[in-house]
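Structure record follows, encoded as structure tokens.
Rule-based calculations on the coordinates, nothing more; no lab input. What you see is a predicted model; the values in this text were computed from it and never measured. Note that each Cβ is placed from the backbone with ideal geometry, even for glycine, and that neighbours are counted across all protein chains shown.
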């Protein structure tokens, strides 16, 4: 069972990374079958308990990424990818995957900014303006200046890295892809 889950996740995440880097999209033809197959697999293997396991992972994966999407800083494909991964790995592993994804995303963003100095300078100026505005008014009115186009991040890369780290941690800790 571990091999099936690992193989499906690896192929889905690799496909997501490639399509995200090429087209800056994670397509529905990848995410919806990933979600559905996670539900079906766990329902067949574990019955109602397996379906609950999959639903909990799906729900947590969706909820974790929903706020950034609603704030406009994340694409819908990223949200659906994390929910699909959650349907396969369950709630405890998707929580770890989300935390590792946040770390990977931060490192990735810093790396991108290191190669785009004008964008990095603009981000720092925006943060400085927001900080000064908050200190003066005690209100957070963030209105970034858009004089320099900021590079777009392909967050599917961070999701893949975070998921691989969480699954790898489970393998080392428990000998299984899924947390016990």
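Of note:
- Shape category assigned to the range 80-124 from the gyration tensor of Cα positions, a/c cut at 1.5: prolate
- Computed over the chain: relative contact order in percent, which uses C-alpha pairs under 8 Å that are six or more apart: 26 percent
- Cα extents for the chain along the principal axes, largest to smallest and rounded to whole angstrom: 57, 35, 31.
- Taking the number of Cβ atoms within 10 Å of each Cβ as an exposure proxy, the fewest-first ranking of 95, 103, 71 is 71, 103, 95.
- Ordered by the count of other Cβ atoms within 10 Å of each Cβ, fewest first, 54, 37 give 37, 54.
- Our estimate of slack between residue 29 and residue 171, defined as 0.36 nm per intervening residue step minus the Cα-Cα distance, is 48.2 nm.
- Within the chain, helix-based [θ] at 222 nm, where runs of 4 or more DSSP H residues each add -39,500 (n - 2.57), nearest 500: -29000 deg cm²/dmol
- Cα gyration tensor, the range 1-105 - rounded (a/c under 1.5), prolate or oblate: prolate
- In terms of other Cβ atoms within 10 Å, 65, 74, 135, 82 run from fewest to most in the order 135, 74, 65, 82.
- Here the calculated FRET efficiency for residue 137 and residue 21, from their Cβ-Cβ distance with R0 = 41 Å, stands at 0.50, rounded to the nearest 0.05.
- Peptide ranges 160-169, 117-126 listed from the most packed, as the mean C-beta count within 10 angstrom indicates: 160-169, 117-126
- Each 5 Å bin from zero up to the one holding the largest Cα-Cα distance in the range 54-140 carries the following percent of pairs: 3, 14, 15, 17, 15, 13, 11, 8, 3, 0.
- Between helix 28-70 and the chain there is an angle of about 10 degrees, using the helix long axis and the longest principal axis of the Cα atoms.
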